[in-house]
Every structure is written in C-alpha cells, then in structure tokens.
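Novice: What follows is a structure written as structure tokens; I'll ask about it next.
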Amino acid sequence: MAHRTPPGSSASHASCLDLWREKNDQLIQQAKVAQDSGLSPRRQQLAQDALEGLRGLLHSLQGLPAAVSVLPLELTVICNFITLRASLAQGFTEDLAQDIQQGLERVLETQEQLKARLEHGLRGLWDSVLHVSSLLPELLPALHHLAGLQAALWLSTDRLGDLTLLLQTLNVSQSRASEDLLLLLKTWRPPAEESDAPLTLQDAQNLRGVLLTAFAYRQGLQELITGNLPRALSSLHEAASGLCPRPVLVQVYTALGTCLRKMGSPQRALLYLVAALKGESTWGPPLLEASRLYRQLENTAAEIECLELLVEALSVAHIPEAPQLLIEVELLLPRPDPASPLHCGTQSQAKYLLASRCLQTGRAENAAEHYLDLLALLLDGLEPKFSPPPCPRGPCVPEVFLEAAAALIQAGRAQDALTVCEELLSRMSSLRPKRPRLWEDARRGTRELPHCSPWVSATYLLQGHARVQLGAQKEAISEFSRCLELLFQATPTDKEQGPASSCEQGCTSDVALQQLRAAALISRGLEWVASGQDTKALQDFLLSVQVCPGNQDASFHLLQTLRRLDRRDEATALWRRLEAQTELPQENAAWSLPLYLETCLGWIHPPDRETLLEEFRTSLLETCDL
C-alpha cells in the first residue's frame with residue numbers, strides 16, 4: 001500500500017527544522033557567552049546548560065528516521081556537542097567515538113547501506129560514508145567537520161594509522177599514495193560552510209589548523225627525543241607558524257632552542273629561548289633549557305642564575321587561564337613525559353639541580369645553603385614524593401643527604417655536616433640488620449636494601465672528613481675504619497635482585513664501590529701520615545691500589561710514602577709505571593660516580609702530581625751520578 005503524505009507535512013517538517021536550527025544557534029550563542037565569562041561559576045553553569053541543551057536537541061533529531069534534508073543540521077549538532085563536551089572534560093572520552101559512529105550510521109541509513117557496513121567498524125563506516133557523500137554534496141561540509149573531530153580523537157589516542165587512512169580518503173582528489181601525516185593535513189581542504197548554515201562552536205577550517213599544529217609539534221618533539229634533529233627543526237617550525245596558544249608556543253620555542261643547541265647553533269637557540277620567556281606564561285622549561293645552553297657555553301654564572309630563576313618560578317602558584325570551549329592544541333598533546341627535554345620537574349628537583357651545580361662549580365657556601373633548603377622541603381613533608389631528575393641521573397633521597405654533608409664540609413661547616421649525617425643514619429637504621437654480617441643475614445631473609453650498606457659506609461666516610469676538619473684525628477680514623485668494615489662486607493651487584501633503578505646502579509656499581517673503598521683507605525692512610533705512622537699508612541695505600549687499580553691518587557700517595565720510608569726500589573718501580581701511564585685507562589668509564597663521592601675524591605687528590613714525578617726523576621738522576 002502506497003504511503004500517503006499528509007497535507008501540510010512538508011511545511012510542518014520545514015517548521016520543525018527551523019525550530020531545531022534556531023535552538024542550535026541559541027545554544028551556541030550561550031556557549032560563546034560562557035566563553036567570555038572567564039573562570040567563574042556562571043561560566044561553568046552556562047556551558048553545562050548549553051551542553052545539556054545540545055544533548056536534548058540531538059535526542060530529538062535522532063528520535064526520527066534519518067532524512068537527508070535534516071542531516072546537515074544533525075551532524076552539525078553532533079559536532080557542537082562533541083566539541084563542547086571534550087573542551088569541558090579537557091580530553092576525549094570513549095563515548096564520543098560512539099557519537100561519531102551514530103552520526104555516520106544515520107548517513108548510511110538514508111542510503112539503505114547500513115547493514116552491509118556495520119561489520120567493518122568505524123574505519124569501514126568512514127569509507128562508506130565518504131563514498132556516499134559524493135552523491136550527497138550538501139552533507140560534505142558537516143561530514144568534513146565530523147571527520148576533523150574523528151582525526152582529533154585518533155590523534156589524541158595515537159591511532160595514527162587510522163588517521164592516515166582517513167585523511168587519504170578525505171584527500172581523494174590529491175595524491176592518495178602519501179603517508180606523510182603532516183603533508184596530508186596540509187593538503188586537506190574542508191569545504192566552506194554556506195552563509196546560512198547552522199552556527200558551529202568551531203568550524204572545520206579552525207579544527208584543521210589545530211590538528212596541523214598539534215601533530216607538527218608532537219612529531220617535532222618525538223624527532224628531537226630520537227635525535228633526528230633536521231626533521232625535528234622542520235616540524236617545530238611548522239608548529240610555531242600555526243595556531244599556537246601562548247603556553248604551547250612557549251613549549252615550541254623551548255623545543256626549538258633545545259634542537260638548535262644540539263645542532264651547534266647556540267646563538268639562534270638563545271633567540272628562541274628569549275622569545276619563550278617574553279610575556280606572562282610558564283617559564284620553567286625555557287629557563288631549564290637556558291641553563292643547559294649556558295652550561296654548554298661554559299658560562300657558569302649565567303647557568304646558575306637561570307637555575308635560581310627556575311626555582312623561583314616553580315615556587316610560584318600559577319593561576320590557570322580559562323580554557324577555550326573549543327578543541328585546542330593542548331587537548332591533542334601527549335601527557336608530559338619526565339624524559340622529555342621540556343620537563344622541568346618540581347621545585348625540589350630544580351633546587352637539587354641548583355645545589356649540585358653550585359657544588360660542582362666550586363660555590364660551596366651557596367651549595368650548602370641550597371642543600372639545606374632542599375632537605376627542609378623533604379623533612380617538612382612539602383615534597384613527600386621527591387624523585388630524582390631524570391636527565392642526567394638524579395640522586396635518591398639518601399644521596400641528597402650525602403651531597404648536603406659533602407657541601408657543608410666543603411664550605412667549612414663540619415659540625416652541620418655531622419648533624420646531617422646523623423639524621424641520615426637514624427633514618428636508615430630501620431633498614432639495616434642488627435648484626436654486622438649483612439650478606440649472610442640476607443640468605444636468611446633479613447636482607448637490607450642492596451644499596452643501603454654503601455650509603456651507610458659513605459656516611460661514615462663523610463663523618464670522618466668532618467672530624468678531620470674539626471681536628472679530631474682519632475675519631476676520624478675510627479669513622480674511616482667503620483666505613484671500611486661495612487664496605488668489605490658488601491657485594492657490588494646481586495643478580496637475584498632483578499633490574500635496579502638508575503640510582504641504585506649508581507651507588508652499587510663495581511666502579512663506585514671500588515672508588516668508595518679507595519677513598520676510605522686513602523683518607524685513613526692520610527691520617528696515619530699526619531700522626532707520623534707511615535707504616536700503617538703504607539698498608540692502607542697498598543690496599544687502595546689493589547682494590548682500585550685505576551685510581552692514580554692511590555698510586556701517588558703510595559709513592560710518597562715509599563719515599564719517606566726509604567724503600568727506593570719499590571718506589572722506583574712504581575714511579576716508572578706512573579711515568580709510562582700519563583693517563584691510566586679507566587675501567588667502566590661509562591659509569592658516573594655519585595657527586596658526594598666525586599667531591600670526597602677531590603679532598604684526597606694529591607696536589608702537584610707532575611711536580612712530584614719531576615722531583616722523583618731528579619732524585620734518581622742524582623743517585624745515578626753518585
């Protein structure tokens with residue numbers, strides 16, 4: 001039986017369509033009013049009301065059979081709903097993909113092709129819909145808009161393969177063979193909307209610009225991390241020229257600075273970092289990168305100043321700006337990665353970088369104060385989950401204590417150093433077995449942390465040097481002996497423990513334990529020398545050469561002691577070895593020693609080693625002349 005169209009139904013349909021369109025336009029105007037309200041409860045309420053209004057309108061539209069005449073409005077309402085919901089949630093959710101799918105299915109319903117295409121999933125739906133759209137040109141602007149939202153969702157979830165195929169289909173008039181996502185985004189040309197089209201919160205052209213900028217930045221950052229610097233530079237330049245809100249532009253300029261620094265163009269890098277620091281924004285990343293740049297240029301004063309500013313910047317609570325009620329570049333960027341060169345960390349991490357660089361560059365008094373500030377942050381619970389800076393390898397909390405003690409000793413504040421050491425020992429006491437045979441207890445299930453013993457040993461070593469500074473020679477020798485007792489009971493690496501963290505590797509590596517043992521032996525030996533007991537000193541220096549053959553300091557102290565004891569033949573043999581080896585090869589040179597240990601080794605470094613060798617050569621010649 002033929003279906004009869006009721007009289008006036010066409011006029012009724014047009015009237016409903018006009019009412020629906022007016023409702024859409026009204027809700028979009030309301031959302032734009034909310035956008036201009038700043039961060040306020042009214043803004044949130046207006047935006048939420050607009051979202052619920054769009055949800056209700058969409059429910060009304062989809063409650064009727066799909067019709068080609070209504071689909072442009074229906075697809076536009078879907079786009080507005082997804083845009084507003086994603087912006088309010090500051091991210092895409094899985095159910096937004098279902099809204100996109102429902103819109104595509106509605107298009108296929110009008111062509112009676114739905115059943116045949118459902119089994120192919122979302123990708124199959126897009127292929128079918130875009131094929132059908134050639135027969136329905138009036139749907140093209142709304143479909144391209146919806147495709148832009150699909151692209152945003154897939155980009156934010158790293159489904160780059162699906163995104164590439166979608167853009168190839170959208171660019172069917174262009175070269176379909178291209179798999180370069182950046183090129184595909186550039187060549188994508190969404191059709192212009194008609195002047196009388198329903199209002200949109202964000203049109204397809206603007207969305208394309210956001211996608212292009214976000215992908216260019218993501219790609220540039222990834223290329224920067226993997227070391228493909230020319231491609232990184234090209235992609236980052238593309239991002240900088242796009243729709244970059246100020247916070248993202250700061251990140252892009254900082255990444256460009258990093259890239260140019262690594263490419264050997266420090267002056268160009270500095271220009272981008274200065275640009276990143278202009279205006280009110282997040283200053284952390286460019287300040288950290290500037291410190292790296294000045295370190296590379298060996299401008300230590302400027303490097304330290306940047307780190308001081310970084311600490312200050314991270315201590316200020318920034319009031320966030322109200323996000324746009326649009327799909328913005330930030331929504332499409334990956335979560336901050338601690339390994340990224342743009343990750344500036346927390347205030348405590350920045351404070352550590354500042355303190356450690358002061359210690360490394362001879363600013364002992366400043367270093368001591370910064371370390372004490374950092375310990376106050378940790379002990380007051382203001383930074384309860386301090387984690388080491390990822391690059392270069394940062395310290396564990398016990399190493400921060402050890403570095404603080406070393407800095408205090410270096411600054412001549414031995415008593416304060418002892419206080420820090422005592423605090424560290426009290427905090428580690430619960431981790432250590434009661435009996436001294438640490439590694440035998442381990443076999444019985446009472447094992448301490450594998451890196452605890454070296455930390456305790458290092459604490460005794462530093463206490464010994466603090467005692468030396470206070471003139472308490474007997475107590476110093478006792479501290480060095482306690483350090484050595486623990487060290488010679490410790491094993492360097494236990495394979496059964498599984499993979500260790502970078503911090504644990506740094507303090508328990510074979511080379512670190514060798515150097516720690518050598519430092520303790522040399523330190524005790526020097527105290528024996530100071531008390532006139534060269535025979536005991538000789539034993540410690542001999543043992544230090546055995547436990548750490550690559551430590552030249554041990555050999556030089558041994559040479560001096562052999563000379564004082566008039567053991568000429570042994571001294572001459574050792575001198576010949578030192579003469580033949582201007583630079584002893586360092587085993588495991590890839591390992592970097594903990595900073596507290598490097599500092600301690602500096603205290604026992606014999607001065608004027610070349611002078612000593614020359615004096616010994618002269619004395620040998622004089623002996624030969626006789």
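Novice: Cα extents of the stretch 30-89 along the three principal axes, largest first, in whole Å?
Specialist: Extents along the principal axes: 40, 18, 15 Å.
Novice: In whole percent, how big is the carbon plus sulfur part of the accessible area of the stretch 211-315, probe 1.4 Å, protein atoms only? Mind showing how you got there, number by number?
Specialist: Numbers: 2350 of 4450 Å².
Carbon and sulfur: 53 percent of the exposed surface of the stretch 211-315.
Novice: Rg to Rh ratio, the stretch 211-315, alpha-carbon atoms and Kirkwood radius?
Specialist: Rounded to two decimals, Rg over Rh is 0.97.
Novice: Once you keep just the Cα pairs under 8 angstrom separated by 6 or more residues, what percentage relative contact order results for the stretch 211-315? Let's see the in-between values first.
Specialist: Working: 129 pairs, mean separation 20.0, N = 105.
About 19 percent, as a whole number.
Novice: Pop out the ³J(HN,Hα) list for the stretch 208-219 in order, Karplus 6.51 cos²θ - 1.76 cosθ + 1.60 with θ = phi - 60°, rounded to Hz; leave Gly and Pro as x.
Specialist: Here the 3J(HN,Hα) series is 4, x, 5, 4, 4, 5, 5, 5, 4, 5, 4, 5 Hz.
Novice: Same structure, new question: Pairs of alpha-carbon atoms within less than 8 angstrom and 6+ residues apart define the contacts here; what relative contact order does the stretch 16-157 have, in percent?
Specialist: On the way: 103 pairs, mean separation 31.5, N = 142.
Once divided by the residue count of the stretch 16-157, the mean separation gives 22 percent.
Novice: For the stretch 127-273, rounded, prolate or oblate, judged on the Cα gyration tensor with a ≥ b ≥ c (square roots of eigenvalues), a/c < 1.5 rounded, else prolate if a/b > b/c?
Specialist: Values: a/c = 3.02, a/b = 1.98, b/c = 1.53.
Note, shape of the stretch 127-273 comes out prolate.
Novice: Identify all aspartates and glutamates with a Cα-Cα distance to LYS474 below 18 Å; exclude those on the same chain that are fewer than 8 residues away in sequence.
Specialist: The reachable aspartates and glutamates, counting only those whose Cα sits under 18 Å from LYS474, are GLU485, GLU527, ASP534, ASP540.
Novice: Quickly work out the HIS237-to-SER531 label distance, labels modelled 7 Å from Cα along the C-beta direction, and quote it in nm with one decimal.
Specialist: According to this spin-label approximation, the distance is 6.9 nm.
Novice: With each pseudo-label sitting 7 Å past Cα toward Cβ, what's the GLU369-ARG577 distance in nm, one decimal?
Specialist: Those two pseudo-labels are separated by 4.6 nm.
Novice: Still on this model: Treating only the Cβ atoms of Lys and Arg (+1) and Asp and Glu (-1) as charged, compute the dipole magnitude of the stretch 211-315 about its Cα centre; round to the nearest 20 debye.
Specialist: Working: 9 positive and 9 negative charges, 77 e Å.
With only Lys, Arg, Asp and Glu charged at Cβ, the dipole is about 360 debye.
Novice: For the stretch 211-315, with the dipole built from +1 on Lys and Arg beta-carbon atoms and -1 on Asp and Glu ones, taken about the Cα centre, which of GLY264, LEU212, LEU314 lies farthest toward the positive end?
Specialist: It is LEU212.
Novice: Here is a further query. Can you give me the C-alpha center-to-center distance between the stretch 342-365 and the stretch 512-570, rounded to a whole angstrom?
Specialist: Value for the Cα centre distance between the two parts: 34 Å.
Novice: Considering the dipole of the stretch 168-307 built from charges on the beta carbon (Lys and Arg +1, Asp and Glu -1) around the Cα centre, which of LEU224, ALA240, ASN299 is farthest to its positive end?
Specialist: After comparing all options, I get ASN299.
Novice: Additional query: Principal axis lengths of the stretch 16-157 from Cα atoms, whole Å, largest first?
Specialist: Principal-axis extents of the Cα atoms in the stretch 16-157, largest first: 48, 38, 22 Å.
Novice: Skipping prolines and chain starts, which residues have an amide H placed within reach, meaning under 5 Å, of the one on ALA322, given they are 5 or more residues away or on another chain?
Specialist: Those lying under 5 Å, H to H, from ALA322 are LEU39.
Novice: May I pose another question? What full-extension length gain, to one decimal in nm, is calculated for SER481 and LEU17 as 0.36 nm per residue of separation minus the Cα-Cα distance? Show your work: numbers first, answer last.
Specialist: Working: separation 464, 0.36 × 464 = 167.04 nm, distance 9.07 nm.
That works out to 158.0 nm of additional length.
Novice: Classify the stretch 286-367 as rounded, prolate or oblate, taking a ≥ b ≥ c as the square roots of the eigenvalues of its Cα gyration tensor: rounded when a/c is under 1.5, otherwise prolate if a/b is larger than b/c and oblate if not. Walk me through the numbers on the way to the answer.
Specialist: Details: a/c = 2.80, a/b = 2.18, b/c = 1.29.
Prolate.
Novice: Quick one: dipole size for the stretch 16-157, taken about the Cα centre, charges +1 on Lys/Arg Cβ and -1 on Asp/Glu Cβ, in debye to the nearest 20.
Specialist: On the way: 11 positive and 16 negative charges, 59 e Å.
Dipole size: approximately 280 debye.
Novice: Which FRET efficiency value, to the nearest 0.05, do you get for GLN26 and ALA301 by plugging their Cβ-Cβ distance into 1/(1 + (r/R0)^6) with R0 = 60 Å? Display every interim value, and only then the final one.
Specialist: Values: r = 61 Å, r/R0 = 1.01.
It comes to 0.50.
The values are calculated or read from the model by the stated rules, or taken from the named source; none is laboratory data. Worth saying up front: this structure is predicted, and the values here are computed from it rather than measured. As a convention, Cβ positions derive from the backbone with ideal geometry for all residues, glycine included, and neighbour counts pool all protein chains shown. Areas reflect the complete protein model, heavy atoms only, side chains present, ligands, DNA and RNA absent. Shrake-Rupley method; radii C 1.70, N 1.55, O 1.52, S 1.80 Å.
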